[in-house]
Amino acid sequence: MKNFYYLALLVLTLGVFRPCISDGQEITDLGTVLQKCIDLPMIQSNYPADNSGNFLPVHIMQYPVTIPVDVNLKKFGQLPVFMSRHEIYDNNVDAYFLFKKIDISPGFAYVDYTMYYDYNSEEQKVINISLTLNSINDNTWEIVDLVFENK
């Protein structure tokens with residue numbers, strides 16, 4: 001029982017004394033890091049457009065990672081559309097992102113995600129991407145490692 005008490009105290013202490021980042025800074029960093037993810041030059045040609053040639057909004061599946069809908073993120077001047085897994089499938093969304101892991105700490109970020117596109121065609125396409133980023137200064141993130149697998 002004594003060991004359990006010390007373990008509980010350790011867990012609470014680590015939670016209280018973690019690096020101090022305000023919630024506002026965390027959401028700002030999240031938006032900046034996610035913007036880097038959707039702005040990668042090698043995926044730009046995979047974004048779907050309507051019949052007039054205007055790009056459709058970016059869709060993000062809220063599974064397995066849930067992203068706050070108030071994150072500062074835009075693509076083609078539009079806010080992303082956040083949907084559950086069922087909404088993505090039920091609405092036949094042709095291209096979407098699925099973020100599997102997002103780790104952001106002061107000065108470092110790691111994102112593992114997948115872009116699905118041409119999803120309603122006979123040959124659906126998948127790109128697996130992993131990014132490691134370092135913070136250069138306030139709100140400036142630089143990609144230092146990129147793993148890109150086009151299936």
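Readers should treat all values here as calculations from the given coordinates under stated rules, not as data from a laboratory. Since the structure is predicted, the reported quantities are computational estimates derived from the model, not experimental observations. Reconstructed Cβ throughout: ideal geometry from the backbone, glycine too, with neighbour counts over all protein chains shown.
What is the dipole size for the range 14-143, taken about its Cα centre, with +1 at each Lys and Arg Cβ and -1 at each Asp and Glu Cβ, in debye to the nearest 20?
Working: 8 positive and 16 negative charges, 42 e Å.
That gives the range 14-143 a dipole magnitude of about 200 debye.
Please state the shape class of the range 77-151: rounded when a/c is under 1.5, otherwise prolate if a/b exceeds b/c and oblate if not, all from the C-alpha gyration tensor. Before the final figure, lay out the partial values.
Values: a/c = 2.72, a/b = 1.83, b/c = 1.49.
Prolate shape, in that a/c is at least 1.5 and a/b is the bigger ratio.
Taking a sphere under 13 Å around the Cβ of residue 81 and counting the other residues whose Cβ falls inside, with K and R at +1 and D and E at -1, yields a net charge of 0.
Arranged from fewest to most other beta-carbon atoms within 10 Å of their beta carbon, 112, 118 become 118, 112.
Report the net charge of residues surrounding residue 64, where surrounding means a beta-carbon distance below 12 angstrom and charges are Lys +1, Arg +1, Asp -1, Glu -1. If you can, show how the numbers build up before the last one.
Values: positive: 85, 100, 101; negative: 112.
Value of the local net charge: +2.
Could you please report the charge total around residue 111, scoring K, R as +1 and D, E as -1 over all other residues with beta-carbon less than 9 angstrom from its beta-carbon?
+1
First check a/c for the range 59-121, with a ≥ b ≥ c the square roots of the eigenvalues of its C-alpha gyration tensor; if it is under 1.5, answer rounded, and if not, answer prolate when a/b is larger than b/c or oblate otherwise. Prolate, since a/c reaches 1.5 and a/b exceeds b/c.
Once a ≥ b ≥ c are taken as the square roots of the eigenvalues of the Cα gyration tensor of the range 19-151, is the result rounded (a/c under 1.5), prolate (a/b larger than b/c) or oblate (a/b not larger than b/c)? Since a/c reaches 1.5 and a/b is larger than b/c, the shape of the range 19-151 is classed as prolate.
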